[in-house]
């Protein structure tokens, strides 16, 4: 059975137990409140369908991160958007079904943090960048972002990514820990679907229980950091 639900700027399609969530705002997939809300709506559908999730972007970009105009536009709006973004990342980290990220291109800031929250991350080959660019644009990296990157990046890449805003290329992304695998761009949808099909054969309850054990302390830290930092958040 195949069905598609569109909630601009996100499409959700379910096919044979695999729910594909496609981010496409026609530009660089900024993590606005609209985008975050639409992703959450799609995850609600996937959870109701008990579907393995494939999370992907538009050609050339997974996500360029938060909407900078909104981020700099006001303290309340910034706090609401940033908090929602990291609560989304925490939801993906603890999602009961397997989540496969099919990274179509650039993953910057919140885009990279969301990418690193998936269970398995396959990237398209190309001239793409992976970066936590907060320091480079005059912002302090949020604690929740640090916790997510610490869990996925190698120690050396983690230090450089967080403190120096070093961008990593697709060629470096696997060694650094942003991706698990890189494949030719035309092959990405099929490879991601194969990974999702393999994950669908897992015992779903044991997957969810093991994920909780594996990420319990990390998720506790992320959620505590979200509450501590964003209850009174000001970009700085």
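Would you confirm, using the coordinates I've provided, whether residue 89 is outside any helix (DSSP H, G or I), within 12 Å of the chain's Cα centre (by Cα) and closer than 20 Å to residue 131 by Cβ?
no
Counting just the residues of segment 145-161 that are more than 18 Å from residue 219 (Cα to Cα) and buried (at least 19 other Cβ atoms within 10 Å of the Cβ), which one comes out farthest from the chain's Cα centre (by Cα)?
Selected residue: 157.
Filter segment 198-211 for residues that are surrounded by 14 or more Cβ atoms within 10 Å (Cβ to Cβ) and part of a helix (DSSP H, G or I) and give the result.
199, 200, 204, 207, 208, 211
If you check residue 195 against the conditions, is it farther than 24 Å from residue 83 by Cβ, surrounded by fewer than 12 Cβ atoms within 10 Å (Cβ to Cβ) and within 20 Å of the chain's Cα centre (by Cα)?
No: the conditions fail for residue 195.
Scanning segment 109-144 for residues that are free of Cβ contacts under 8 Å to residues at least 60 places away in the same chain and surrounded by fewer than 24 Cβ atoms within 10 Å (Cβ to Cβ), which turns out farthest from residue 192 (Cα to Cα)?
Checking each candidate, the answer is 138.
Could you count how many residues in segment 94-125 are touching a strand residue (DSSP E or B) at 6+ places or on another chain (Cβ under 9 Å) and under 20 Å from residue 219 (Cα atoms)?
Selection size over segment 94-125: 19.
Tell me, which residue of segment 33-73 that is part of a loop (DSSP other than H, G, I, E, B) and on the phi < 0 side of the Ramachandran plot is modelled with the lowest pLDDT? Break it down into steps so the answer makes sense when it comes.
Just the residues of segment 33-73 that are part of a loop (DSSP other than H, G, I, E, B), to begin with: 50-51, 57, 59, 64, 67, 72-73.
Those left that are additionally on the phi < 0 side of the Ramachandran plot: 51, 57, 59, 64, 67, 72-73.
Working: 51: 98, 57: 98, 59: 97, 64: 97, 67: 87, 72: 71, 73: 65.
The residue in question is 73.
How do the pairs read when you match residues in segment 14-27 that are in a loop (DSSP other than H, G, I, E, B) with residues anywhere that are surrounded by 14 or more Cβ atoms within 10 Å (Cβ to Cβ), using Cβ under 6 Å and keeping only pairs 6 or more apart or on different chains?
Every condition considered, the pairs that remain are 17/51; 17/200; 24/9; 24/58; 25/9.
The values are calculated or read from the model by the stated rules, or taken from the named source; none is laboratory data. Source: prediction; values computed, not measured. Methodologically, a virtual Cβ is constructed for each residue, glycine included, from the backbone with ideal geometry; neighbour enumeration extends over all protein chains shown.
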